[in-house]
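K.L.:
Quick one: this structure, given as structure tokens, is what I'll be asking you about.
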Amino acid sequence: MNVSCPHCGTQLKFSDKFRASLEKLKPEQKARIKCSQCEKPFSIDRSILGAPAASKQVRRGQPASGGNVKPPVPPDVSWLQDGVFEEQEVVEEIPLALILIPEDAGRDVVVKSVEGLGYRAEIVTSVDLAMEKMQFVNYSSVLLHTEFEPQGLHGGTFHKFMARMSMPKRRYIFYALIGKDLNTLYDLEALAYSANIVVNERDIEHFGVILRKTIPEYEMLFGPIMEETRLVGH
């Protein structure tokens, strides 16, 4: 099963693991993937899986029913003359979101919201585990509650870890802060905390809408910058 990147046209080949993940999506859900060639993200849904195969009783070359079915055009085999072909890239995983939110602080709503956008949510219960995971896994999104650690945001370890992260890694992470004293979608406050967005806990029920608005804006703003830095090797 293949799909073309809408940005650069590269043919992406899906692994069996990725296909299984798509099959689990609900009709209204979408999976977000990143092209391995241009590294730009885009969304797909279950419709990419296509319709079931025709019955084995239908002979090759004959329409399943009626005479108005137009068969697909033959494949392009011009590459045979040169003896070379362009290998298709394999998309292995759905983007991951790391969740550091106490269970009683709207965690279930946050998990449902990110999964509704096609992310796979991973919940951690300790800062040490979160930092260990981030050493080996590239997360597209990280969501932290200001009271996840007893010391709070200013005294906690994880927020300092995110704020001091090297830019070649940090620029590819959508970092969201949630807390009782934050002002929802206040850009200056997010900038002061080295985050992409801030959300007040009382607005957690609208978190899905907030993400649908802010993530595309984040990709539109930083996508060209990240592409240029990738091209020059930074």
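K.L.:
For segment 2-47, give me every one of the strands (runs of 3 or more DSSP E) that falls completely inside it and has 2 or more residues that are surrounded by 13 or more Cβ atoms within 10 Å (Cβ to Cβ) and more than 13 Å from the chain's Cα centre (by Cα).
P.N.:
11-14
K.L.:
Just checking, does segment 205-214 include any residue being at positive phi and surrounded by fewer than 19 Cβ atoms within 10 Å (Cβ to Cβ)?
P.N.:
no
K.L.:
For T146, which of the numbered conditions (1) within 22 Å of the chain's Cα centre (by Cα); (2) modelled with pLDDT of 95 or more fails to hold?
P.N.:
(1)
K.L.:
Does H145 satisfy being under 18 Å from V198 (Cα atoms), touching a Leu at 6+ places or on another chain (Cβ under 6 Å) and surrounded by 17 or more Cβ atoms within 10 Å (Cβ to Cβ)?
P.N.:
no
K.L.:
Separate question: Would you check if G50 is at pLDDT below 75, open to solvent by less than 60 Å² (accessible area, probe 1.4 Å), at positive phi and within 27 Å of the chain's Cα centre (by Cα)?
P.N.:
Criteria met by G50.
K.L.:
Please work out if Q62 is modelled with pLDDT of 70 or more and either loosely packed, with under 10 Cβ neighbours inside 10 Å or polar (S, T, N, Q) (or both).
P.N.:
Spelling it out, it is not the case that Q62 is modelled with pLDDT of 70 or more and either loosely packed, with under 10 Cβ neighbours inside 10 Å or polar (S, T, N, Q) (or both).
K.L.:
Between a residue in segment 122-137 that is more than 14 Å from L96 (Cβ to Cβ) and any residue that is assigned to a helix (DSSP H, G or I) and of a type in the set (S, T, N, Q), which pairs come within a Cβ distance under 6 Å, given they are 6 or more apart or on different chains?
P.N.:
Between residues of segment 122-137 that are more than 14 Å from L96 (Cβ to Cβ) and residues that are assigned to a helix (DSSP H, G or I) and of a type in the set (S, T, N, Q), the close pairs are V127/T157.
K.L.:
Filter segment 138-166 down to the residues that are of a type in the set (A, V, I, L, M) and in contact (Cβ under 8 Å) with a residue 60 or more places away in the chain and list them by number.
P.N.:
Once the filter is applied, which keeps residues that are of a type in the set (A, V, I, L, M) and in contact (Cβ under 8 Å) with a residue 60 or more places away in the chain, segment 138-166 yields nothing.
The values are calculated or read from the model by the stated rules, or taken from the named source; none is laboratory data. Computed from a predicted model, the values in this text were never measured in an experiment. Note that each Cβ is placed from the backbone with ideal geometry, even for glycine, and that neighbours are counted across all protein chains shown. Quick note on the areas: whole protein, heavy atoms, side chains included, nothing else; ligands and nucleic acids left out. Shrake-Rupley method; radii C 1.70, N 1.55, O 1.52, S 1.80 Å.
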